[in-house]
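Input: a single structure, listed below in structure tokens.
The values are calculated or read from the model by the stated rules, or taken from the named source; none is laboratory data. As the structure is a prediction and not an experimental result, all values here were calculated from the model. For neighbour counting, all protein chains shown are included, and Cβ atoms are generated from backbone atoms with ideal geometry for every residue, glycine included.
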Amino acid sequence: MPFAIVKGLRINYRGEPARKKGRLLLFVHGASGNHRIWSNQPESFSKEHTPVAIDLPGHGESEGAGADEIGGYRDFLRAFVDELSLGRFVLCGHSMGGAIALDFALNYPEMVEALILVGSGAKFPLSEELLEAFTKDPLAWSVATSAWTFSRKTPLSTIEALEAETLKTSAEVALNDMKACASFDITPSLGEIKAPTLLLYGKEDLLAGQAKVLLAIPNSQLGMIEDAAHVPNAEQPDKLNAAIERFIVSLTP
């Protein structure tokens, strides 16, 4: 895997942005995750496009301690983009990564050709009580939330592989991610986002109700993925990839 030095940190990413073809697709993972949440996407899109997937600071193989505000990740992503001279791109974010993508598009609209948000929201339903429960026992929290993270039709092997990746993230970084999500609310600014936006949710995702809020983005459209919950990019990759490809084709050349 290639690395880049960004703000003094060794940052891991997957992709070959220097060999650009088609559209550049920048994939950002969610809380406690890493670039492997997108493992089924680069292979699908690399024939026609240029996929790049990042490990945020403190995640996967990247150095750092993460950020406790979405704005911190947004600004780090800008530094990463500048370091690799990515230019304009389609920004794809899962869950917390979608929040980072929304904030990025709002602050740096000239860089974002389009947005793809998977299982994300304008804000997240994380109370102080939930944060306290996570702080006391992150592992118990992960076990408890897996019941709604995945569809009942998701193979156990897929669930175990993703949970193993999540557990690689330190408790400190995971808590910072939770704090970042808990304090995020971009609802008042959704009408200011200019990028064409695709909203994708697994039909069984508890966050799917956020679609009604995010459709306030002027040029947005919604797609629902059958037999998936919060991680359709791993649970039903073929269906999700097909939806993304249709959206990319629809963009102005």
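Only residues that are crowded, with 21+ Cβ neighbours inside 10 Å and at positive phi were counted across region 59-78, and they come to 2. Region 200-253 holds helices (runs of 4 or more DSSP H) entirely within its bounds, and those carrying 3 or more residues that are surrounded by 20 or more Cβ atoms within 10 Å (Cβ to Cβ) and not aliphatic (A, V, I, L, M) map to 232-235.
Let's see how each residue does on (1) under 17 Å from residue 59 (Cβ atoms); (2) touching a Leu at 6+ places or on another chain (Cβ under 6 Å); (3) surrounded by 20 or more Cβ atoms within 10 Å (Cβ to Cβ):
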site: 159; (1), (2), (3): no, no, no
site: 169; (1), (2), (3): yes, no, yes
site: 172; (1), (2), (3): yes, no, no
site: 175; (1), (2), (3): yes, no, no
site: 187; (1), (2), (3): no, no, no
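Tallying residues that are assigned to a helix (DSSP H, G or I) and among the charged types (D, E, K, R) within region 175-199 yields 3. If you go through region 1-36 and keep only what is among the basic types (Lys, Arg), closer than 16 Å to residue 49 by Cβ and assigned to a loop (DSSP other than H, G, I, E, B), you end up with 20, 21, 23.
Within region 38-57, the set of residues being closer than 18 Å to residue 162 by Cβ and at pLDDT 95 or above comprises 38, 53, 54, 55, 56. Scanning region 27-40 for residues being within 19 Å of residue 245 (Cα to Cα), touching a Leu at 6+ places or on another chain (Cβ under 9 Å) and surrounded by fewer than 24 Cβ atoms within 10 Å (Cβ to Cβ) gives a total of 1.
Picking from 158, 169, which residue would you name as being in a helix (DSSP H, G or I), of a type in the set (Val, Ile, Thr) and modelled with pLDDT of 90 or more? Going through 158, 169 in turn, just one is in a helix (DSSP H, G or I), of a type in the set (Val, Ile, Thr) and modelled with pLDDT of 90 or more: 158. Kindly evaluate residue 17 against the criterion of being surrounded by fewer than 23 Cβ atoms within 10 Å (Cβ to Cβ) and within 18 Å of residue 1 (Cα to Cα). Yes: the conditions hold for residue 17. Residue 117 - would you say it is closer than 15 Å to residue 13 by Cα and either at pLDDT 95 or above or touching an Asp or Glu at 6+ places or on another chain (Cβ under 8 Å) (or both)? No, not satisfied.
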